[in-house]
Amino acid sequence: QVRLVESGGALVQPGGSLRLSCAASGSDINVYAMAWYRQAPGKQRELVAAITISDRIDYADSVKGRFTISRDNAKNTMYLQMNNLKPEDTAVYHCDARLGTLHFWGQGTQVTVSS
């Protein structure tokens, strides 16, 4: 079993940047497919970015060119670098880990983009 704890969310102005972290414990993340999801009030959960165990990366069209997902297996941590943030990026961001039928996710971190 893996425990995931997100951090790095904050209130930021449009055009600003944030880096989210997802620290894992209990298991090594290098065997998991990892992803960032977000959920805004009144909206469905949305896949933001995903990275496989072979480091294949996919992004939602809405964040391509602005967000970068990465993983540091030595630190057992996944990151999401978010640049040029927009008000529509406001949401709770969750990290997600999957291995076969195993599925874990964290409690989330709030990102608010507002002037």
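The values are calculated or read from the model by the stated rules, or taken from the named source; none is laboratory data. Only a predicted model underlies this, so the values are computations on that prediction, with no experimental measurement involved. Please note: Cβ atoms are built from the backbone with ideal geometry, for glycine as well, and neighbour counts cover all protein chains shown. Heads up: the accessible areas ignore ligands, DNA and RNA and are worked out on the full protein's heavy atoms, side chains in. Shrake-Rupley method; radii C 1.70, N 1.55, O 1.52, S 1.80 Å.
Of the residues making up the stretch 88-114, those that are over 15 Å from the mean Cα position of the chain (by Cα), loosely packed, with under 15 Cβ neighbours inside 10 Å and modelled with pLDDT of 95 or more number 2. Scanning the stretch 3-24 for residues that are open to solvent by 30 Å² or more (accessible area, probe 1.4 Å) and more than 16 Å from the chain's Cα centre (by Cα) yields L11, Q13, P14, G15. Restricting attention to the stretch 54-73, the residues that are of a type in the set (S, T, N, Q) and assigned to a strand (DSSP E or B) total 2. Checking each residue in the stretch 1-50 for being under 26 Å from T101 (Cβ atoms), of a type in the set (S, T, N, Q) and touching a residue at least 24 places away in the same chain (Cβ under 8 Å) picks out Q1, S25, S27, N30, Q39. Within the span defined as the stretch 74-87, one or more residues are outside any loop (DSSP other than H, G, I, E, B), surrounded by fewer than 17 Cβ atoms within 10 Å (Cβ to Cβ), out of contact with any helix residue (DSSP H, G or I) (no Cβ under 6 Å at 6 or more places or on another chain) and touching a residue at least 40 places away in the same chain (Cβ under 8 Å).
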